[in-house]
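Notes follow the structure.
FYI, it's all coordinate maths here, none of it is from the lab. Computed from a predicted structure; not experimentally measured. Note: ideal-geometry Cβ built from the backbone for every residue, glycine included; neighbour counts use all protein chains shown.
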Amino acid sequence: MSSQTQPTPGSSLAGPIAVPAFEKELDRLVALARKGHKPGATFNNPSEEWLISQMHVLQDLSEEEQQKYLDEASIIDKEAAEANAAGKAAGRAWPGVAIRLDTGGYGFFSQLGVVRRPDLTQYFIDGFAKNRDGVVFTTESQTLFTAVFGYINSYMEEKLAAGDTIVQSDRQVGDAPGRSFHARQMLFGTRYMQIPMMWRQLTFPASEELSRQEPDILEVSLPHWMEDLPMPEELKKRLRDAGLTQLVFKAPTKGLSLHLGFDYVGEHKMGPLSIAMFKVKQVDGLAIQAALSMARAKTMSGQMKNTALITVGPSLHGKSTLTIMLELANSELAGWLKLKTDAEEGVYPMNDDIVLLQPLKDPVKATRDGKQSTLYYGIDGTENNLYAMPFGLNKAEDPITFEAVRGTDEDPNSQETLENVPIDLDSWSPNFLSNPVRNMRVTLSRTRLVARKGANDLLQKITNGRETEGVHVPIEDTDQVFWQAVMRQNTVVPPLRRLSPEQYIRILMYGEAVQMGAAIGAIGRPYVEYFSDPFIIGLEDQNANNLYNIVKEIEEGGLNQQYFVFNTGGVGADTNDQASGAKYKKIPRELTLMLQEALLRDAVKFQYESHLGSDIAVAIVDESGNEVLDLRTDWLPENIYGADDYSQRITELSRRRFYGENSEDKAGILRYTKVLNGLYDLSDIPVPNNERELTWLLSFFWNVDQAYDTLADLDAHRAEGSAPDGAVSQKLQNMYAQATAKGLSLPGSSSAALASLGLQAS
């Protein structure tokens, strides 16, 4: 039974009333997609060769057609150069034609957008609490799309009966036995064959028997729906006036992600994944945007440990780096620590995007080093290969990833698949050093990556031969779990901290990031992304609650867990908005990787830092405790800024993290009022400065539906929650007293509300 918050009628967390006619057409759409093509239809799970046969490949076109695309490319290149000179991302990388690469693979170029668009994603709220920031499919939109869905359904009925036009791909999300999902993609038309081609590369094969069954998840895509559907001009005008010509529509309770007007593969791969995430959340599990790998490494005390590494963070913030580039053999750190190469060690990459934490139907008993534990959750990757950002990739600096993408001269990767990567037309090879759209992508072969890292037999060693490959953690053979987060700050956050579970979850709630290109926004600007995930379905607060319950249950079962956060940005900037200033230092990738390896070897020296309230890494030590790398002078912000300046910056950061700068600021986590109170320690929360901050504080501990801005508003809605217990109430009273002593003044009209909320006016 799900513990998810169920909104009451009229609650700000409730969705609009469903329009019966709309829901009828929606159900019809879902039923048609679930039924799919008849067995044997040409468009029913066609081969990769068939997909390629439908493509417009530049080298296969006539000279006249080629020249047409080359002329268009010249215009796009000029526009891209102008955009990049102005500090903006280009809208397109190249025309809508495929290029056969020198390896035998293919390069594709998005035409209808080059980033994921959460701002164009809307949700049909059906029996669950809505996302605080998600765009809800309104009653008005439902009425408008009743007619639209009618046209989609008629079109789908006709084409499925004829067995053509709609390309059906049945695949599997995840590979964990009993914990995977049958997903079906239905693409209308053959203009964008990279969508099914790359999606198939990112998922697992579904058996013929499974393909004939009704899927758990549906992704229906109409890239050119305004042109392809025989809708009247009046309806098209209404859609244009409503700003709904591009739309990702999600009906999670019905298992549907519908994509109208998109061809960027990142959007299409995220659709089925988001539905899987919702399904897991509904059974009190959780899906998180994270990289996943298994490491087998010897500690400084000589213990060989199998560690599951779960690294949470936004796109392009270092998850892949800590998964792909981590090496244990012949590393610089191994040299400093005087470690010999050990064939038993290694790192096995599993996943680079969504990790599912799913409750096991039957808990598993395991014994490791004489200690018995009970395992309650699976830790499962979702994708077969990695959808990676290859910008800057070169053989000299990163030969492992380069060869996983391109292969070698002796063994070129004929499955190489690129998206929005510029291509050299003389050599037909990719130019990874130019990134006009700021979001080039590649399907990175996990098999080639594992082989190139020399980790083909690592899972066999970890599981004593029970498993040979996969993307799910062999939990019964795992000694410890490292919960990691990657964030980008430019000022007061050190390169590495060790946290409590509560602190770790709050780090994910802070969601501090810098815009890097996978989503819309100004490159280089800080932003906030709760749990590093712009596609959370359902109440965000529940993500924190579910993760807290999960790690606590794992802890009770006896499996060791540790919690860390890496800053992959920098330290010492004048302000966090700009990575600059006389004291600013970018944290190099090499340092982050070295610290990751040192954690696995239990070679990091931590020291408690009172301002942050957590342990910070101050050095790397050898087996005798001698420091081989001192982090204090160069990398600890307190030493960079000076004690007073540092203390002030920490105070300002803490205030924003809890209250935000104003009521619209997503940085303030007190806005998540349905989060378990135990995740926050009142001693960590700054004393409120004004009525809005005090009201947010009380809103949280009253667990009302949202953070209200005035005491009168909170008083009017206090029935949504319940009064905090006596101990918490006393602490709140003390904080209010401190606030008034520091100058907090409330309007006289607030006195009655204050008393209703359990506080005595000062």
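Treating the Cα atoms of the stretch 403-535 as identical point scatterers in vacuum, please give the log10 of the normalised Debye intensity I(q)/I(0) at q = 0.13, 0.14, 0.18 Å⁻¹, two decimals.
For the stretch 403-535 at q = 0.13, 0.14, 0.18 Å⁻¹, log10 I(q)/I(0) is -0.92, -1.02, -1.16.
Efficiency by 1/(1 + (r/R0)^6): what FRET value for THR245 and GLU661, r their Cβ-Cβ distance, R0 = 30 Å, to the nearest 0.05?
Here the calculated transfer efficiency is 0.30.
Report the FRET efficiency, 1/(1 + (r/R0)^6), for ARG212 and SER47, where r is their Cβ-Cβ distance and R0 is 30 Å, rounded to 0.05.
The pair ARG212/SER47 has a calculated efficiency of 0.95.
How do SER624, SER320, SER750 line up, fewest other C-beta atoms within 10 Å first?
With the fewest neighbours first, SER624, SER320, SER750 line up as SER624, SER750, SER320.
What distance in nm lies between label points placed 7 Å from Cα along the C-beta direction at SER756 and ALA343?
Computed distance between label sites SER756 and ALA343 equals 7.5 nm.
Compute the distance from the alpha-carbon center of the stretch 115-192 to that of the stretch 428-454, in whole Å.
Centre-to-centre distance over Cα atoms comes out at 29 Å.
Run lengths n ≥ 4 of DSSP H only: what is the helix-derived mean residue ellipticity at 222 nm for the chain, with -39500 (n - 2.57) per run over all residues, to the nearest 500?
So the calculated ellipticity at 222 nm is -10000 deg cm²/dmol.
What full-extension length gain, to one decimal in nm, is calculated for THR374 and ALA716 as 0.36 nm per residue of separation minus the Cα-Cα distance?
Fully extending the segment from THR374 to ALA716 adds 118.5 nm.
Work out, step by step, the length gained on full extension between GLU410 and VAL136: first 0.36 nm times the residue separation, then minus their alpha carbon distance; give nm to one decimal. Each step should come with its number before you reach the end.
On the way: separation 274, 0.36 × 274 = 98.64 nm, distance 5.26 nm.
Between GLU410 and VAL136, full extension yields 93.4 nm more.
Using a basic spin-label model with each label point 7 Å from the Cα along Cα→Cβ, how many nm lie between ASN84 and THR165?
Placing both labels 7 Å along Cα→Cβ, they lie 4.0 nm apart.
Just to be sure I understand the model, the point goes 7 Å from the Cα along the line to the Cβ. What's the resulting LEU360 to PHE606 distance in nm?
2.6
Before anything else, pin down the relative contact order of the chain: Cα pairs under 8 Å, at least 6 apart, normalised by residue count, whole percent. Each step should come with its number before you reach the end.
On the way: 1564 pairs, mean separation 93.3, N = 762.
Contact order relative to length: 12 percent.
As a test, work out the antiparallel percent of DSSP beta bridges whose residues both lie in the chain, rounded to the nearest 5. Before the final figure, lay out the partial values.
Details: 75 of 110 bridges.
Just about 70 percent of them are antiparallel.
So the label point goes 7 Å from the Cα of LEU676 along Cα→C-beta, right? Which residues of the stretch 540-564 then have their backbone N under 12 Å from it?
What the label zone holds, given the 12 Å backbone N cut-off, is 542-556.
Which of (i) 170; (ii) 257; (iii) 179 is the computed volume of the Cα convex hull per residue in Å³ for the structure on display?
After the calculation, the listed value that fits is (iii).
By count of other Cβ within 10 Å, fewest leading, how are GLU233, GLU693, GLU25 ordered?
Details: GLU233 7, GLU693 24, GLU25 21.
Lowest count first: GLU233, GLU25, GLU693.
Can you tell me the mean projection area, over all orientations, of the convex hull of the stretch 271-380's alpha carbons? Units nm², please.
Details: hull surface 35.0 nm².
Averaged projected hull area, Cα only: 8.8 nm².
Given a Förster distance of 60 angstrom, what is the FRET efficiency for ASN549 paired with ALA582, based on the Cβ-Cβ distance and rounded to 0.05?
After rounding, the FRET efficiency stands at 0.85.
In the neighborhood of ARG655, defined by Cβ-to-Cβ distances under 13 Å, what is the net charge if each Lys or Arg adds +1 and each Asp or Glu adds -1?
0
Tally Lys and Arg at +1 and Asp and Glu at -1 over the other residues with C-beta under 14 Å from the C-beta of THR463: what net charge comes out?
Residues close to THR463 contribute a combined charge of -3.
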